[in-house]
1. Using the Cα atoms as the points, what is the convex hull volume per residue of region 1-116 in Å³?
2. Quick one: work out Rg over Rh on the C-alpha atoms of region 178-221, Rh as Kirkwood radius.
3. Taking all protein chains together and a probe of 1.4 Å, list M195, M262, M183 from the most accessible to the least accessible.
4. How big is the dipole moment of the chain about its Cα centre under a simple scheme where the beta carbon of each Lys and Arg is +1, that of each Asp and Glu is -1, and everything else is neutral? Debye, nearest 20, please.
5. Once phi is turned into θ = phi - 60°, what whole-Hz ³J(HN,Hα) does the Karplus curve with 6.51, -1.76 and 1.60 give for every residue of region 22-28, x standing for Gly and Pro?
6. Compute the Kirkwood hydrodynamic radius of region 1-50, taking the inverse of the mean of 1/r over all pairs of distinct Cα atoms, and give it in Å to one decimal.
7. Mind listing the Cα extents of region 128-283 along all three principal axes, in Å, largest one first?
8. What is the spin-label model distance, in nm, from S298 to R15 if the labels are put 7 Å beyond Cα along the C-beta direction?
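The values are calculated or read from the model by the stated rules, or taken from the named source; none is laboratory data. The model shown is predicted, which means the values in this text are computed figures rather than measured ones. Backbone-built Cβ (ideal geometry, glycine too); neighbour counts: all protein chains shown. Areas reflect the complete protein model, heavy atoms only, side chains present, ligands, DNA and RNA absent. Shrake-Rupley method; radii C 1.70, N 1.55, O 1.52, S 1.80 Å.
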Amino acid sequence: MLTETSSGLWCASGRFHIDPWEPVDHAVITHAHGDHARPGSAAYLCSSSCEPLLRRRFGPEVTIQSIPYGQSLTVGDVRISFHPAGHVLGSAQIRLEGADGVWVVAGDYKRAPDPTCAPFEPVPCDVFVTESTFGLPIYRWDSTEMVIDDVASWWSTNKEAGRTSVLFCYTIGKVQRVLAELMRVTDRPVYVHGMMLGMIDTYRQSGVSMLPVEPVIERTGRGRSRAASFAGELVLAPLSARGTPWMRRLGDISDAFASGLMRVRGVRRQRGYDRGFVLSDHADWPALLQTIAETGASRVLATHGYAEPLARYLSEQGLESGVIRTAWEGEPTGD
Ligand SMILES: [Zn+2]
Ligand SMILES: [Zn+2]
């Protein structure tokens, strides 16, 4: 059904690529993150709820076709359908049915509840292509509720000390999830970096409820220093803003990063954040194993992150397994 090419996964019987990393004729996309949806392809196919995010990234001129979750489309000799992956808004597992049976390419996924997107649905298949971003037994997530309570108490401690709380997070998915989850503990507006406003808007237009946001613009309060005016506020910012002159206006800060990467204390120290909040949009180790079992697949291919350790573990459990390499060498986007 699928073969690895220099542009990514290729489906010969449907003549399309899945999440190609080079421009192609027909790109079928799991979700809008930069390591899965690259610009430049002639035509894109994605889930309906993913389409506004792709449009926001690629512009109105780009050819994008979309279908709702659960509906199918026949392309060449393959029947394609999209099923919720629970990773970010519009994220989908791609189900392919053809002469080689049923394959499911999960893309990135998680099993923890997330108010900003549809929950993951296990899809029975013969071959399951799973992500393995956090495919090691050390990766186990705490409940989102606990993590958000930690964020809220960090914020209020900083407020008492007159500091600005700066939480770095990815622009597609994580920011919106933090803003939606914080509604449980506060109704205060949150400040966000200007780069994040567009995607937050796209989520709102898709019907996702989140705290109100204000863009960070320099406030020249009379008789107050400009820097002081963000004291006590929570500011969400993309990683790219870290260490830039933009930060200066925020005054005395405490900074933190919200990511599954923060599970490992050494990483947290090495990156030099004051705090790390372990909030991931990927499946942790138990969720990976649970999901693989639920699909009933007799063959599992792992990709992204710790693909080899996961494939080795599955082989030891008697499951036919392998690895799909990716061109993406960087950190997971969106986590
Ligand atoms: Zn990814
Ligand atoms: Zn992703």
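1. Dividing the Cα hull volume of region 1-116 by its residues yields 93 Å³.
2. 1.00
3. M195, M183, M262
4. 1360 debye
5. These are the phi-based 3J(HN,Hα) values: 10, x, 9, 6, 10, 10, 9 Hz.
6. Here the Kirkwood hydrodynamic radius works out to 10.7 Å.
7. 60, 38, 28
8. 3.2 nm
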